[in-house]
Each structure stands twice: as C-alpha cells, then as structure tokens.
Amino acid sequence: QVQLVESGGGSVQPGGSLRLSCSASRNVLSFNIMGWYRQAPGKERELVATISRGGTTNYADSGKGRFTIARDNTKNTVYLQMNALKPEDTAVYYCNAIYGTSYWGKGTLVTVSS
C-alpha cells in the first residue's frame with residue numbers, strides 16, 4: 001500500500017511563497033509519474049505540475065514561471081515550490097503518484113489572501 005503525505009500548506013499574502021512537500025512510503029523513483037493537483041472550492045481538481053521517473057517536468061499554464069516541482073530521491077519526497085502566489089491559487093493541493101494505479105494524498109490547504 002502506497003502512502004503519500006502532504007505538508008507545507010498554510011496562509012500567505014499575495015506575492016508570497018510556499019513550499020509543499022509530499023513524502024512517499026516508497027522510493028519515488030518507483031513511480032512512473034508524481035505530481036501535484038489542486039482543487040479550489042466549487043471547482044474540479046486540476047493539474048498543477050508533474051515530474052516523470054526520468055525527471056521530465058510538466059506544468060499547467062497557471063503555474064508556469066511561478067511554480068517548480070522537484071524531487072529528492074534520498075528522502076522519497078517531491079516538492080512544489082510556489083512563488084508569486086495569487087488569490088486564485090487558493091485550493092487544497094494534492095500529491096499524486098502513478099505506479100500501476102493512481103495514488104493520492106489527503107491534501108494540504110493553501111490560502112492566499114490579504
């Protein structure tokens with residue numbers, strides 16, 4: 001059973017930064033793809049960023065130039081560095097990992113407000 005645990009969410013003012021962490025219960029290199037998704041109130045869950053086993057990254061247009069996904073294989077952790085945050089970034093952020101099937105964490109709330 002794969003477990004993903006997110007952390008690092010919180011409240012921040014517009015223009016601020018946060019770094020989210022996703023700790024996996026197994027070697028992150030065992031997953032085909034890991035990524036971050038988010039779900040704002042009243043909206044569907046959407047892709048934020050992904051990183052493949054080979055290290056290829058992919059970003060939604062909303063986060064390009066502001067968000068960076070990275071991986072620390074020694075810590076079995078994937079990060080999402082978020083800079084220049086906007087109120088519209090407010091959402092619950094979920095970690096996802098694909099290995100045969102899709103696994104999800106329980107999410108961490110990010111609130112961007114003045």
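Taking segment 72-114 as the range and being in a strand (DSSP E or B), without any contact (Cβ under 8 Å) to a residue 40 or more places away in the chain and open to solvent by 60 Å² or more (accessible area, probe 1.4 Å) as the test, only T101 passes. Between G55, G63, the distinction of being open to solvent by less than 60 Å² (accessible area, probe 1.4 Å), in a loop (DSSP other than H, G, I, E, B) and either closer than 12 Å to Q81 by Cα or in contact with a His (Cβ under 9 Å, 6 or more places away or on another chain) (or both) belongs to G63 only.
Tell me yes or no: at least one residue of segment 48-71 is under 14 Å from the mean Cα position of the chain (by Cα) and of a type in the set (D, E). No. Wholly within segment 1-41, which strands (runs of 3 or more DSSP E) include no fewer than the required count, namely at least 3 residues that are closer than 21 Å to G63 by Cβ and open to solvent by less than 30 Å² (accessible area, probe 1.4 Å)? Fully inside segment 1-41 and qualifying: 18-24, 33-39.
If you go through segment 89-101 and keep only what is of a type in the set (G, A, S) and modelled with pLDDT under 95, you end up with just G100.
The values are calculated or read from the model by the stated rules, or taken from the named source; none is laboratory data. Here the structure is a predicted model, which is why all the values come from computation and not from measurement. Quick reminder, even Gly has a Cβ in these numbers, built from the backbone with ideal geometry, and neighbours come from all protein chains shown. For accessibility, only protein heavy atoms count, side chains too; no ligands or nucleic acids. Shrake-Rupley method; radii C 1.70, N 1.55, O 1.52, S 1.80 Å.
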